[in-house]
Amino acid sequence: MSILVVTHSGDHRYVAAVADRLRERGRDVIRLDTDRFPTEIGLCLGSRPTLSADGQTHDLRAVDAIWYRRLRPPRLPEGMPDDFRAVAAAESRATLLGLVNSLPAFRLDPWDRIRHADHKLRQMQLAEAVGLTVPPTLITNEPGAVRDFAARCPDGVVTKMLSAFALDRPGGEQVVFTNALSDADLAHLAGLRLCPMVFQARVPRVRELRCTVVGHHVFCGALEAEDSADAADDWRRRGDALAAKWRPHRLPDDVADKLRRLATRQGLNYGAADLLVDADGTHHFLEMNPAGEWGWMQRACDLPIGEAIAEVLADPKARRVTEWIP
C-alpha cells in the first residue's frame, strides 16, 4: 500500500523525514507537488486513477492514506492571457481537490474539515466548550464597540487578523503580526469601516506554548517571556532569532486532554495550538491551526512530531479520529 503526500516543490526537509519513517514501516510514498501540476505532472482520475511524474506512473488505487500538507498555485507559462490563466488555475485546483477528496483513503486531514476548523471564532467557541480558557475577544468593524471593549480590559488589548496573509511590499512580503492597541490607535479607528479586525484582551504572560496534536500525542514547546521581551505580542517578529530559544515543556495532563478533545470536536488528527500562560498558571487558548507548521518545533525542542505523523498515516490504531469512507 502507498501514502500520497500532497505538498509543493519547495517543501523538502521535513516531508523527506516523514517519508523516510514511512518507508521504514514498509510503505511506498508518492509525492504530488501541486505547483508542478498540470505542466509537469499528469493525473488521470476515474475508475483507474494514476499520477505520472518524473518518468514514473503510479497507480493511485494502491493509496490508503493521504497526507495533505499544502496546495500551491500552478506554475503556468509566462505570457499566458490573464483570463485563460485564471481558468487554468481554477480547473487545476478543482482537479487536485477532486483527487484528495475522492480517493477511498484515510486523510490527514480531510480538506473540508481543515477549511471548517480554520474559522477562529468557531475555534474559540469549541475551546470554551471543552473547558479551555479563552481571552475575551471581539471581532468587529465598529470603532465605538472597540473603545467600549478596551475600557473593560485592564491589561490592554491586542489586535490581529482573522486570516493569515502577507502583503506584497518593496523588498518582499510583509506578514501582519499581532499588535498591542495604543491610545493613539483607539483614537483613529476609521479604517475599521473598510476592514474588520480581531480585538482580544491582552494576557500578561510568563510563557507562551506551541502544542502540536498528532493522533493521541500532544507535543509541547515553551518560550519564556524574558526571552521574547522585544517581541512580546508576537514572537514571529523575531522568528529566526527566537526559534532556537524554544524548549520542550510538560503540558498539564488536563490541558493536553482538552486540546485532544478540541481537535476531536473539529474532526482532526492534527492541529497546532498556541497558548499563553499567566503568572497564576492559567493556560489561555489563542488558536489552533489545522495545518500549522511543525518542523521548527521538532528541530528546536527535539520532539518526535514527524515520527508521530508517520505513525498516524501508517497505523489505524494511532488515529484518534477515524473516517468513514463510502
>> Can you confirm whether ALA263 is more than 19 Å from the chain's Cα centre (by Cα), buried (at least 18 other Cβ atoms within 10 Å of the Cβ) and under 20 Å from LEU108 (Cα atoms)?
In response: no
The condition from (1) surrounded by 15 or more Cβ atoms within 10 Å (Cβ to Cβ); (2) part of a loop (DSSP other than H, G, I, E, B) that THR39 misses is numbered (1)
Checking ARG115, ARG72 in turn, the sole residue that is in contact (Cβ under 8 Å) with a residue 24 or more places away in the chain and basic (Lys, Arg) turns out to be ARG72
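Only one of ALA89, ALA65 is under 24 Å from the mean Cα position of the chain (by Cα) and more than 27 Å from GLU311 (Cα to Cα). Can you tell me which?
Among ALA89, ALA65, only ALA89 is under 24 Å from the mean Cα position of the chain (by Cα) and more than 27 Å from GLU311 (Cα to Cα).
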Expected single match for in the same structural domain as TRP246 (by TED's automatic domain parsing), at pLDDT 95 or above and surrounded by 15 or more Cβ atoms within 10 Å (Cβ to Cβ) among ALA300, ALA310, ALA291 is ALA310
The residue that is surrounded by the fewest Cβ atoms within 10 Å (Cβ to Cβ), considering only those in the stretch 116-136 that are among the aliphatic types (A, V, I, L, M) and closer than 14 Å to LEU162 by Cβ, is LEU121
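Restricting to the stretch 2-19, count the residues that are part of a helix (DSSP H, G or I) and at pLDDT 95 or above.
So the count comes out to 2.
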Checked against (1) exposed (fewer than 14 other Cβ atoms within 10 Å of the Cβ); (2) of a type outside the set (Asp, Glu); (3) not in a helix (DSSP H, G or I), GLY144 satisfies every condition except (3)
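The values are calculated or read from the model by the stated rules, or taken from the named source; none is laboratory data. Computed from a prediction, not measured in an experiment: that's the story for all the values here. Here Cβ is always computed from backbone atoms with ideal geometry, including for glycine, and neighbour counts include all displayed protein chains.
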